[in-house]
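The values are calculated or read from the model by the stated rules, or taken from the named source; none is laboratory data. Keep in mind that what you see is a predicted model, and the values were worked out from it rather than measured. Note that each Cβ is placed from the backbone with ideal geometry, even for glycine, and that neighbours are counted across all protein chains shown. Please note that ligands, DNA and RNA were not included when accessible areas were found on the heavy atoms of the full protein model with its side chains. Shrake-Rupley method; radii C 1.70, N 1.55, O 1.52, S 1.80 Å.
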Amino acid sequence: VIFINISIPFLLFEIYFTPKFMIILNIFLILQIFKIGRGISGLLSLPILKHLSWSIQRMIKMFLISLVIIHLSSCLFFLIARLNDFSDTTWVFYKNEVDYPPYNQYLSSLNWSLQTITTVGFGDVTPQNNFEFVFAIGWIAIGGSYYSFTISNLQALAASIDLLNSTKVNLLYNQRDK
């Protein structure tokens, strides 16, 4: 079972709960992140996905884990600004989103997270203080690792497909020559 409650942007619930309750809830949910790997492996063992090659299963697993990591990065980027009380040295203030609802702020931080990991970086959401810069540098490093892992998996997938096709062609030629 995948723990869906981890993937919900809990900053949206700030409206209804006290800040101390939200901090306790977030700490509890962060501890559940370690169960995601088992949940994704369970998902890949479904009968409909079992027949897929190891490379494709690995790519699906990496994609699902990436979605969770991108979500967490978005929440952490927002949390850094929130811990600074959205002062004038935070990205939320710089983007004039201090008075926006939490879901708009979450979407902006998700936008930043996706742009950074994919190295698109439009520059509409930028870090404004040292904590945000340090976090952004770490996220950029993760993005580089993400790309190298993705490219190596795609290369392995292409090689395995090429090997499979060449084996089939050889079998057809051998049968024709008999």
query = So which residues in the range 98-113 are surrounded by fewer than 20 Cβ atoms within 10 Å (Cβ to Cβ) and more than 25 Å from Gly144 (Cα to Cα), if there are any at all?
reply = Val98, Asp99, Tyr100, Pro101, Pro102, Tyr103, Asn104
query = In the set Phe135, Phe149, which member is closer than 30 Å to Met59 by Cα, of a type in the set (Phe, Trp, Tyr) and open to solvent by 50 Å² or more (accessible area, probe 1.4 Å)?
reply = Phe149
ask   = List pairs: first in the range 111-122 and on the phi < 0 side of the Ramachandran plot, second of a type outside the set (Asp, Glu) and in a loop (DSSP other than H, G, I, E, B), Cβ under 8 Å, 6+ apart or cross-chain?
value = Asn111/Val125; Trp112/Val125; Leu114/Val120; Gln115/Gly121; Gln115/Phe122; Gln115/Val125
inquiry  = Condition first: open to solvent by less than 50 Å² (accessible area, probe 1.4 Å) and within 25 Å of Leu72 (Cα to Cα). Now tell me which residues in the range 152-161 satisfy that.
reply    = Asn153
query = Is it true that Thr116 is closer than 27 Å to Asn84 by Cβ, in a helix (DSSP H, G or I) and open to solvent by less than 50 Å² (accessible area, probe 1.4 Å)?
reply = yes
task = Could you check how many residues of the range 82-104 are within 18 Å of Phe135 (Cβ to Cβ), at pLDDT 90 or above and in a helix (DSSP H, G or I)?
result = 4
query = In this structure, does Leu79 turn out to be open to solvent by 30 Å² or more (accessible area, probe 1.4 Å) and over 30 Å from Lys50 (Cα atoms)?
reply = yes
message = Looking at the range 47-75, I want the residues that are under 18 Å from Trp139 (Cβ atoms) and have a partner that is of a type in the set (S, T, N, Q) and modelled with pLDDT of 75 or more with Cβ atoms under 6 Å, at least 6 apart or on another chain. Which pairs are those?
response = Ile70/Ser113; Ser73/Ser113; Ser74/Ser109; Ser74/Ser113
